[in-house]
Each structure stands twice: as C-alpha cells, then as structure tokens.
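Read the structure below first, then the notes.
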Amino acid sequence: MSERIRKIIKLLFYWIDKVTVVFAQASLVCALLLTLVVVVGTVARYVFKSPLGWRDEISAYIFVFHCFLALAYATYREAHIAAEMLYVHFPPKLQFIISFTAYTLALLCTGIICYYGFETTYGYFIRGWASDSPYGITLWPIFLMVPLGFLMFGLQCFSRLNAIIERMRTRGSVIAQTGEDSFGLDKKRNEGTRNGGN
C-alpha cells in the first residue's frame, strides 16, 4: 500500500474517532438534560402537586438520543461488556481471530440495522407521523437516532479493526494498553487537563 493511501486511511480513522468523541459529548449533554427533566418532573409532581404531562414522553426521547449517541464511544474505548475471563489467557493470534470476527459480525448486524432503520425513518418522515400524545411530537428525528447511532458504531468498528490489526502488526497483541487510543486523542485531552484545561 502506498504511503499516500496509508495517510488517507489514517486521517479517515482519525476523523471517525473525533466525531465519535463529539457524539459522546452530545450524549453527556443528553444525560444531564434527562436528569434535569426527571428532577423537575419529580419536584413538580410531589412538591407542587402539579405533574408535568410531557415529562415521561420527553424523558424517553432524550434517553433514546443518549443511548445511541454513546454507542460508538463505548466501542471507541473498547468498553462494551465483555466476558474476558478466558479471552485474556488465549494466545495473541486466537485473540486476534476472535476480535476480528466479533467486529466483522458487528458490522454485518450494523448494516442490517442501518438499512431498516433508515427505511423506517424515511417512512415516518414522508407520512409526517407524530406521537399520539397531546403534544404531537414529530417522530422521525427520534427514529433517525437509531440508524445514525449504528452508522457511527459501524464506522467505529472499522476503526477498531484497524487498531487491532495495527496492534497485532506492531506489538503482537490486540489488547489495548491502559489509556491507549488509536490516534492520541486521549493523550491530547490529558495534556490539556494538565496545562489548565486549555
């Protein structure tokens, strides 16, 4: 592979990881907003005896955004729940085969979910469907989060495949070292924290 193509691929994976971090930050905002909505709704119901009718519906929609925005970041951090009790004792080549197979199968599932997710979202969009609640919230933006979240997850699976191939090639192991990421995004963030956050 030529050096130019290698640089383009590295740049592509760098930007996938950067966008993943932005998705994670948006997920954090959703988590804070969800907390605020639930607290305000609880205070309104139990302190002021005036429940907010929109609280449950809005909370559910914010939760959908929160979960699907965070999906790719958990993959980026390689932090999904995993049964590693045996895996860590396998030889590196077997670990590579298992990891490569898992990410490839995840990509296959992601492709199916994205296809049907975008198809469903488009159906909601062209029909102008809204929720049955008195507020009539337009549903296609909420449904859009499912294929968008999985699309980013799929791109992150490609990034992780690249990372495990690179680790296997350079270190002979697919297991990430503590605090490691593919392109030094954590290192840059940690240096910013040590320098006063700028």
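Only the coordinates and a few stated rules stand behind these numbers; no lab work does. No experiment lies behind these values; they were computed from the predicted model shown. Quick reminder, even Gly has a Cβ in these numbers, built from the backbone with ideal geometry, and neighbours come from all protein chains shown.
Odds and ends about this structure:
- Largest first, the extents of the alpha carbon coordinates of region 46-92 on the three principal axes equal 61, 20, 12 Å.
- Among complete DSSP H helices in the chain, those whose alpha-carbon atoms stretch at least 15 Å along the helix's long axis and whose mean Kyte-Doolittle hydropathy reaches -0.5 are 3-46, 55-76, 92-127, 140-171.
- Cβ-based exposure ranking for ILE8, ILE98, in which fewest neighbours within 10 Å come first: ILE8, ILE98
- Residue order, fewest to most surrounding Cβ atoms within 10 angstrom, among GLU166, GLU3: GLU3, GLU166
- Ordered by the count of other Cβ atoms within 10 Å of each Cβ, fewest first, SER99, SER2 give SER2, SER99.
- Under Stokes-Einstein, with the Kirkwood radius over Cα pairs as Rh, the value for region 126-165 at 10 °C and 1.306 mPa s is 129 µm²/s.
- Charge-dipole axis of region 40-89 as Lys and Arg at +1 and Asp and Glu at -1 on Cβ define it, positive-most pick from ALA72, PHE48, ILE58: PHE48
- When the alpha carbon gyration tensor of region 3-179 is reduced to an equivalent ellipsoid, the three semi-axes, largest first, read 38, 20, 14 Å.
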